[in-house]
1. I'm checking my understanding of the structure. Among residues of the range 642-699 that are over 18 Å from Asp590 (Cα atoms) and charged (D, E, K, R), which one is modelled with the highest pLDDT?
2. Counting only residues that are among the aromatic types (Phe, Trp, Tyr) and more than 30 Å from Ala481 (Cα to Cα), how many does the range 83-116 have?
3. With the requirement that a residue be among the small types (Gly, Ala, Ser), out of contact with any Leu (no Cβ under 7 Å at 6 or more places or on another chain) and surrounded by 19 or more Cβ atoms within 10 Å (Cβ to Cβ), what does the range 264-285 give you?
4. Before we move on, is Ser341 hydroxyl-bearing (Ser, Thr, Tyr) and closer than 20 Å to Tyr704 by Cβ?
5. List, please: which pairs have Cβ atoms under 6 Å, are six or more places apart or on different chains, and start with a residue in the range 541-557 that is under 15 Å from Tyr461 (Cα atoms) and end with one that is small (Gly, Ala, Ser)?
6. Of all residues in the range 136-153 being buried (at least 18 other Cβ atoms within 10 Å of the Cβ) and out of contact with any strand residue (DSSP E or B) (no Cβ under 8 Å at 6 or more places or on another chain), which is nearest to Glu529 (Cα to Cα)?
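The values are calculated or read from the model by the stated rules, or taken from the named source; none is laboratory data. None of these values were measured; they are calculated from a predicted model. Neighbour counts run over all protein chains shown; Cβ positions are idealised from the backbone, glycine included.
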Amino acid sequence: MATIYNRDDFRLELEFTRIYREHAGEHKAVREAECLKWQLPRILLDIEEDDLVPGGCHYGAVGFSSQIGGFLYYYHEDKIREEMERKKEDTAYTEALSEMLEFWREENSRTRLRKTYPQRQLLALPTDDWEGEKAVAYPLYRIAGAILDFRKLLELGFPGMVSRTREYLEASEEGSDARGVYRGMQIALETLGEVIACYRDRAAEKSELAKREGRRDAARRMAAVSGAMESILVKRPEHLLEAAELFWMYVLVSEVRNYGRIDDYLGDFYAADIDSGYLTQEQADGIIRKLWERMGKRRTITDGRIFIGGRGRRCEKNADRLAKSCIQATRILKNPDPQLSLRFYKGMDEELLDLAYDAIGEGCTYPVLYNDDVVIRDVEQAFSLPREEAEHYVPYGCGEYVIDHKSFGTPSGVINLLKGLEIFLRYGKPQDAEYLSADNGLDVLSVIRDITGAGKPFEEYESFEEFYGDYKKWIGFHIEAAAWQERAEYDFAGQVCCLPYLSMLYDDCCERGKGIFEGGIRYLGGTLESYGNVNTADSLFAIRKLVFEDKSVGREELLEALRHDFRGHELLQRRLKKCGKFGNDEEGPDEMMRDLHRFVCLKAKEQAKKNGLDSYLVVVINNSANTSLGLLTHASPDGRNAYLPMANANSPQAGGDRSGVTAVLNSMLKMDTDIHAGAVQNIRFSTDTFQHHRSAARGVMEAYFENGGAQLMVTVTGREDLENAMEHPERYGNLLVRVGGFSARFVELSREVQGDILSRTCY
């Protein structure tokens with residue numbers, strides 16, 4: 001990846017470190033802004049001649065980042081050591097790198113935050129490596145999910161942002177904290193101007209080169225980019241291309257990975273350019289496709305959310321026109337990025353919904369469908385917000401709800417409910433939870449049991465209710481720790497930085513003269529990612545029915561079978577698999593799933609007030625984490641073998657749904673949707689079903705939505721295509737599948753994730 005500035009060595013990192021040290025005594029916002037002033041122009045990716053919307057970033061081994069490069073002030077030791085080995089002959093240089101490494105080893109934000117953990121926290125969150133080390137819960141160090149007020153950006157323009165910030169600065173008191181915040185914002189805007197100018201100049205150079213070489217199309221395209229960049233430096237955007245360029249430049253400097261309601265903030269530019277004759281329909285659609293291409297090159301994987309449709313847009317007519325163009329761009333390009341999502345509602349333009357189903361039927365996996373008539377109500381309830389605020393909900397990342405430019409809800413914790421059951425029962429091998437036997441002078445398991453008042457031997461429980469109650473206490477302990485971590489992360493961020501690019505486009509921050517995490521934001525929320533939900537519920541149902549009610553399975557018999565991954569206990573495994581499962585519209589297993597879901601969600605929700613948050617809510621998403629966490633989880637009482645993928649989000653486990661698609665959707669409808677921050681519902685139709693029985697498939701989905709369904713992510717592909725793609729990946733480069741909260745090219749997924757997707761029921 002070529003950058004505009006030459007980066008053959010680690011001088012960027014060394015100078016960044018010097019600037020960080022040099023500004024140690026200044027206001028945190030100024031220090032941060034000075035660091036970014038050095039960093040941002042030097043990590044810019046060079047413009048490509050097929051670009052119309054240029055720009056990307058390649059982060060260094062040391063730097064500042066809200067989420068892409070690392071957690072706030074970050075470092076990557078492995079990269080620094082590789083550079084030291086590569087340049088070992090240059091003694092002075094490697095010594096400087098070594099000193100820098102020692103400095104950041106203690107000064108990086110993750111280490112500094114983790115040092116603040118009390119002992120209780122370390123017991124509950126023993127490791128940061130949620131993909132490699134086995135535990136029940138993990139912290140996620142990130143400031144993710146910002147949805148910025150891009151409409152305000154485009155209305156003010158770059159000069160307007162500069163003027164507004166100058167006015168705030170001049171009105172602030174000398175020596176006040178607010179003055180430091182505004183000065184940091186001022187420097188950040190200077191840097192944004194430099195970034196825009198970099199791309200203006202580089203596009204002009206490329207235009208001249210293409211002109212000399214007789215490549216007219218490239219010359220015109222680069223000239224258009226250069227002209228648009230020049231224009232947005234001196235005035236607010238007047239045309240679609242200018243608006244797209246300013247939007248994208250701000251995306252780069254702010255690091256946001258989700259783009260909000262694009263039809264609301266770009267729709268007027270799109271319509272005006274076409275209606276005035278400034279652009280043809282084809283030209284305007286071409287700009288949108290080029291923007292889509294740029295987003296795709298970013299490869300945000302689990303992010304890249306972009307929304308169209310929905311209530312609360314300022315000019316629905318213009319927004320819908322752009323929304324249709326967005327769907328067409330998705331159909332033409334068939335990229336996993338951006339994650340196009342449609343908010344639909346009664347009375348909307350039916351053509352928009354028809355186009356959405358066309359795209360889904362063609363195998364795009366997009367748009368993801370959200371039912372406004374249900375979700376707005378759910379957001380009102382879950383977040384305790386007035387309806388006019390709830391109308392501006394925007395799912396980001398893998399599906400977590402936030403309120404557009406008013407709320408923040410980083411998913412900064414992970415809990416594996418099935419691993420929690422395994423450790424609670426203590427049937428796994430010692431290596432399945434190393435921290436429980438760590439040589440730290442503590443009997444960790446005993447300490448946690450003393451704290452929770454839960455966890456006596458399985459055979460001592462007299463009833464399922466007593467057993468299940470103690471399991472809830474066990475899981476509750478880890479949920480409490482995750483909520484504490486969320487607040488600690490925000491507090492730390494507020495202490496060390498201002499995040500000016502986020503703060504400037506979030507309501508109330510500028511007015512209050514505060515950064516987003518030091519009292520600037522209107523609604524500060526948190527999110528806990530919950531995994532293993534379905535397998536845990538099915539396991540609990542099996543324990544209740546076979547062990548406690550029927551008494552047909554002995555407790556030690558079950559534990560012994562689990563310890564040996566059912567080797568020598570195949571008959572018991574078959575009985576466990578045949579036991580009732582969520583997803584068949586059966587009262588027993590569905591009620592167990594509903595009860596577990598309610599407990600986890602409400603336990604999380606009650607943590608908000610305890611930790612000074614406006615909300616703390618569970619999100620039931622499963623990206624590929626159902627597979628990666630499954631690889632860390634032993635056999636389970638639902639009959640699942642050790643280290644296999646867990647069920648995806650609220651979808652039935654593979655092979656567990658035996659009664660057809662209507663039964664699956666009916667089971668999903670029993671889940672409360674107004675007590676969490678989003679839940680992923682995946683469903684897969686065969687190509688034959690969707691192509692030859694479209695009305696029936698659509699009828700099933702519409703009935704689901706009519707009966708209270710909130711969301712669906714739909715994959716249309718045949719089993720044969722998936723099997724062929726595994727054997728001949730070179731032939732199936734454009735085969736898209738829904739993994740969980742995101743889509744991906746099937747051939748780019750790991751073999752384990754491919755197998756998980758293949759195992760899911762296809763209707």
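1. Selected residue: Arg698.
2. If we filter the range 83-116 for residues that are among the aromatic types (Phe, Trp, Tyr), which is where we start, we get 93, 103-104.
From what's left, more than 30 Å from Ala481 (Cα to Cα): 93.
Qualifying residue count, the range 83-116: 1.
3. Passing the criteria: only Ala271.
4. Answer is yes for this residue.
5. Leu546/Ser552
6. That would be Asp149.
Rundown of residues vs (1) small (Gly, Ala, Ser); (2) over 30 Å from Ala29 (Cβ atoms); (3) touching a helix residue (DSSP H, G or I) at 6+ places or on another chain (Cβ under 8 Å), yes/no style:
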{"site": "Val447", "(1), (2), (3)": "no, yes, yes"}
{"site": "Glu460", "(1), (2), (3)": "no, yes, no"}
{"site": "Ile475", "(1), (2), (3)": "no, yes, yes"}
{"site": "Val496", "(1), (2), (3)": "no, no, yes"}
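Here's the yes/no breakdown for (1) assigned to a helix (DSSP H, G or I); (2) at pLDDT 95 or above; (3) touching a Ser or Thr at 6+ places or on another chain (Cβ under 7 Å):
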| site | (1), (2), (3) |
| --- | --- |
| Asp432 | yes, no, no |
| Leu445 | yes, no, no |
| Asp450 | yes, no, no |
| Tyr468 | yes, yes, no |
| Lys472 | yes, yes, no |
| Phe477 | yes, yes, yes |
| Gln485 | yes, yes, yes |
| Gly494 | yes, yes, no |
